[in-house]
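Data first, discussion second: the structure below is written as structure tokens.
The values are calculated or read from the model by the stated rules, or taken from the named source; none is laboratory data. These numbers were taken from a predicted model, which means no experiment stands behind them. Glycine gets a Cβ as well: all are built from the backbone with ideal geometry, and neighbour counts include every protein chain shown. For the accessible areas, the whole protein counts, side chains as well, though only heavy atoms, and no ligand, DNA or RNA atoms are used. Shrake-Rupley method; radii C 1.70, N 1.55, O 1.52, S 1.80 Å.
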Amino acid sequence: MRMRKVPAEYGIAVLCVALMTALHELLVPWLGRAHNVQFMLCAVVVALATAGTGPAILTAVLAFVISESVFVGPSAWSDLSQPNNASSALLYALVCALIITLGSWHERRARRERTAHARDVLMLELVTDCFFVVDRQWRFTHVNNPALRFFGMNREELLGRIFWEVFPTSVGTPIEALFRQVEQTGKAGHAELLTPLINRWLDLRLEPTGAGIMAVFTDVTRRRLAQDAAEHNAEFLGVVADSVSVLIAYLDLERRYRFINRRYAEAFGFTPVEAIGRTHAQLCGEAAYERVRESLDCAFAGQAVSDEMPLCLPELGERHLLANYRPDLDESGNVRGVVLALSDITERVKAELALREGDRRKDEFLATLAHELRNPLAPILNAVQLLGTETPARGNARSIIDRQVRHMARLVDDLLDVSRITLGRINLRRERASVATLVSHAVEASRPLIEAAGHTFTLQQPREPLYVEVDVVRLAQALLNLLNNAAKYTPVGGHIGLRVAQEGSGQVLIAVSDTGVGIPGSMLPRIFEMFAQVDHSLERTQGGLGIGLTLAGELVGMHGGTLVAHSAGLGHGSRFEIRLPLAPALAAQPASAAAPVPDEPPVGRRVLVVDDNIDAAESLSLLLQAEGHQTELAHDGLAAVEATARFAPDIVLLDIGLPGLNGYEAAMRMRSQGSSRPTLVAVTGWGQQQDRVRAAQAGFDLHLTKPVDPAVIMALARNPKTPALQAYAL
Ligand code: ADP
């Protein structure tokens with residue numbers, strides 16, 4: 001390409017010289033030969049303008065050679081040595097050099113400008129922004145491709161046409177106003193405008209160019225709509241946040257408030273303007289901040305936390321608040337702030353307190369009721385033992401009263417125990433005992449009921465003894481409840497099974513199953529609730545208060561065990577499973593405290609019975625006398641002290657709640673008299689650890705919790721030191 005171009009340009013030089021020579025020769029008749037230099041210079045200028053610097057130099061040289069050879073004549077070259085000719089030649093060379101230098105400098109500059117222009121145009125085509133230029137008459141002089149695409153027109157449709165004619169809808173709009181402003185002020189203008197008709201948002205920049213106005217614009221409709229939506233959302237959220245009763249705030253990473261809703265501002269007594277950009281410590285003091293600091297630390301560590309706290313709010317006073325702290329995470333999961341939502345739960349807390357108080361009062365009432373009901377039952381039970389059985393009718397009547405009073409006593413005892421558990425007034429006397437002992441106690445006690453209903457009974461036990469660390473009396477009571485229920489809720493002639501099995505290395509299962517009425521699935525989850533009863537009329541006559549299972553469940557739970565009920569539904573029998581943790585195996589096993597009281601040879605003792613319930617005292621006294629003991633009665637503390645001094649009893653059965661001196665004070669006086677040292681036995685309704693400690697301090701030897709089984713009293717009277725009473729010793 002370059003090889004072909006060079007001869008063509010230099011050919012122009014030769015052509016220029018030839019043409020100038022021919023022209024010169026043509027004009028010689030009119031101009032003479034004196035102007036050859038001007039023709040030569042013209043040839044150089046033409047060559048320079050059309051072919052460039054190199055051809056111009058060649059032209060200058062060729063023109064000189066031809067001029068010397070053709071126009072001047074054969075002597076021209078030798079005449080050059082003459083000073084005159086030499087200086088003419090030099091001057092010619094200088095003028096040529098000057099013309100060529102100026103010409104090439106001018107051409108270089110023009111080329112640079114052309115290149116720059118081409119680059120600018122290319123760049124403007126490359127940029128994604130739309131771009132156009134209008135001249136002073138508002139005619140389009142330049143439009144780039146993105147602008148053409150935006151207008152949906154081609155270049156020919158736009159170039160040379162007047163802006164306002166192409167876009168008449170722009171007239172009278174903010175677009176025209178901006179163009180006119182730039183035209184009048186000669187300063188750049190910038191605005192975000194909504195274009196009429198096509199309804200699009202443009203970011204429009206206008207730049208005066210001297211010859212018109214250059215416009216650069218981008219379609220920002222999407223950004224603008226997103227921004228509008230965001231603003232709308234923020235406004236909407238603000239309205240929502242202000243319309244809820246929850247106190248809402250947003251804290252940034254510096255723990256400065258970035259947002260608070262109306263309720264928050266009202267409650268804390270500051271305005272959003274005061275709060276935004278400041279910390280809680282700055283607004284409410286360090287002490288107030290310290291109270292929430294720990295929760296805030298957790299939330300800023302990325303953990304959602306909630307916290308209930310009483311708070312004194314400047315505008316609302318003492319309130320109870322539920323505070324939820326929720327971290328606000330960015331897309332990468334980093335915490336960028338924390339949302340704080342405070343709910344005023346004062347009314348709920350008050351209602352809960354009232355409910356709890358009501359519940360506590362109910363428990364107290366039930367405890368007192370059971371306690372009061374139990375008091376008359378004890379003397380009746382004692383008295384029944386003394387009734388004669390001379391005739392069959394009397395014997396029958398006695399056993400009916402005995403059975404019914406025992407049933408009633410059992411119900412009241414259960415009620416008493418449940419109340420004690422719910423009020424936390426029951427203490428377990430745990431000891432190591434074999435499961436077999438536990439089971440045998442319960443089975444023995446339930447046998448009369450099972451046999452009376454004509455049920456068959458099977459007991460499955462492992463050969464190896466299993467040991468548990470339990471209060472034998474209490475757990476036997478729980479198991480007895482299950483066996484009695486099985487007997488009660490199984491129609492006559494059914495089957496009851498008791499299975500003991502080891503589960504894994506640390507657990508024992510005691511399961512009571514029956515072929516009885518079963519329990520509907522809907523009742524199973526509620527069966528252990530207080531007073532829960534399945535309403536099947538068949539066994540209603542057998543039913544109690546609905547507290548037996550509650551008591552059994554609570555007692556098992558107190559031993560770290562579980563009690564669950566299974567039934568395939570009504571008519572399909574039931575299975576109750578107790579699971580207890582096993583005690584570690586030991587070589588020697590201590591005797592159970594609840595082991596049957598061994599029979600002692602009868603010894604007549606002197607027993608002082610002290611109770612303000614005269615019937616209770618008398619019936620017990622009669623029972624003791626029937627066993628061959630000598631008794632004395634007292635119904636208040638002072639009389640008891642006096643009787644001890646006078647009667648010198650071996651045993652004093654001393655009630656604690658007595659008129660005048662209470663049982664503790666009476667016991668202390670008896671001990672201080674020092675004349676005799678009877679076995680002092682506290683007989684009380686209050687069996688908590690602190691009651692036992694108090695009794696021990698007052699000088700009692702044994703502590704029996706009401707209701708007291710008459711058999712225990714009899715065993716005690718026979719031998720107060722019997723190991724069987726170890727469980728009651730202080
Ligand atoms: P209750 O004094 O009524 O027997 P419990 O708490 O012992 O109270 O039992 C609650 C209810 O559970 C009973 O009323 C009875 O409906 C049901 N129930 C308990 N044991 C059984 C069982 N073995 N078979 C069928 N129903 C039972």
*Give the dimensionless ratio obtained when the Cα radius of gyration of the range 127-219 is divided by 2.2 N^0.38 Å.*
0.97
*Write down the radius of gyration of the range 436-508 and its Dmax, each obtained from C-alpha positions, in Å.*
12.9, 38
*Over the range 8-108, equivalent-ellipsoid semi-axes from the Cα gyration tensor in Å*: 23, 16, 11
*Normalising by the residue count of the chain, find the relative contact order in percent from Cα pairs under 8 Å and 6+ residues apart.*
6 percent
*Expressed as a fraction of 2.2 N^0.38 Å, the rule-of-thumb size for a compact globular protein of N residues, what is the C-alpha radius of gyration of the range 67-221?*
1.86
_Given R₀ = 41 Å, what would the calculated FRET efficiency be for S434 paired with M309, taking r from the Cβ atoms and rounding to 0.05?_
0.20
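I need the per residue convex hull volume for the range 299-363, using only the alpha carbons, in cubic angstrom as a whole number. Working shown, then result.
Working: hull volume 7.0 nm³, N = 65.
It is 108 Å³ per residue.
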_For the range 225-344, alpha-carbon Rg relative to the globular expectation (2.2 N^0.38 Å, N residues)_ = 1.06
*Which length gain, in nm to one decimal place, applies between H495 and Q181 when the Cα-Cα distance is subtracted from 0.36 nm times their residue separation?*
102.4 nm
*Once the other residues with Cβ under 14 Å from the Cβ of G699 are scored (Lys, Arg +1; Asp, Glu -1), what is the net sum?*
+3
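What number of lysine-lysine pairs in the chain show an alpha-carbon separation below 28 angstrom, given a sequence spacing of 8 or more or placement on distinct chains?
Details: K350/K362; K362/K706; K488/K706; K706/K721.
So the count of such lysine pairs works out to 4.
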*For the pair L322 and R258, what calculated FRET efficiency results from E = 1/(1 + (r/R0)^6), where r is the Cβ-Cβ distance and R0 = 22 Å, to the nearest 0.05?*
0.50
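Got a number for carbon plus sulfur as a percent of the chain's accessible area, 1.4 Å probe? Walk me through the numbers before you get to the answer.
Details: 22610 of 38880 Å².
Looking at the chain in its full context, I get 58 percent from C and S.
Apply 1/(1 + (r/R0)^6) to the Cβ-Cβ distance of A191 and E294, taking R0 = 45 Å, and write down the FRET efficiency to the nearest 0.05.
0.30
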*What Rg and what Dmax come out for the range 378-454 when only alpha-carbon atoms are used, in angstroms?*
16.6, 48
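Accessible area per residue, 1.4 Å probe, Å², for the range 431-581: what's the number?
On the way: 6550 Å² over 151 residues.
I get 43 Å² per residue for this part.
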*Per residue, how much accessible area does the range 614-696 show when a 1.4 Å probe rolls over the protein heavy atoms, in square angstrom?*
43 Å²
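In the calculated pair distance distribution of the range 467-535, what percentage of Cα-Cα distances lie above 14 Å? All intermediate terms of the calculation are to be shown ahead of the outcome.
Details: 1620 of 2346 pairs.
Of the Cα pairs, 69 percent sit more than 14 Å apart.
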*How compact and how long is the range 431-581, expressed as Rg and Dmax of its alpha-carbon atoms in Å?*
14.5, 43
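Give me the net charge for the shell around W105: Cβ to Cβ below 14 angstrom, other residues only, Lys and Arg +1, Asp and Glu -1. Don't skip to the answer; put the middle values down first.
Numbers: positive: R108, R109, R111, R112; negative: E107, E113.
With Lys, Arg at +1 and Asp, Glu at -1, the neighbours total +2.
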*In vacuo Debye scattering of the chain, one point per C-alpha: log10 I(q)/I(0) at q = 0.05, 0.11 Å⁻¹?*
-0.58, -1.20
*Tell me, what is the per residue accessible area of the range 127-219 in Å², probe radius 1.4 Å?*
53 Å²
*Cα→Cβ-extended label distance, 7 Å offset, between E157 and E444, nm*: 11.2 nm
*Tell me, what ³J(HN,Hα) does each residue in the range 462-475 have, in order and in whole Hz, if you take phi through Karplus 6.51 cos²θ - 1.76 cosθ + 1.60 with θ = phi - 60° and put x for Gly and Pro?*
x, 5, 5, x, 10, 10, 10, 9, 9, 8, 4, 4, 5, 6
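At 0.36 nm per residue, and after removing the present C-alpha to C-alpha distance, how many nm does the segment from I198 to R112 gain when stretched out fully?
Numbers: separation 86, 0.36 × 86 = 30.96 nm, distance 4.16 nm.
Full extension from I198 to R112 adds 26.8 nm.
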*With all protein chains present, calculate the accessible area of W105 using a 1.4 Å probe and round the result to the nearest 10 Å².*
130 Å²
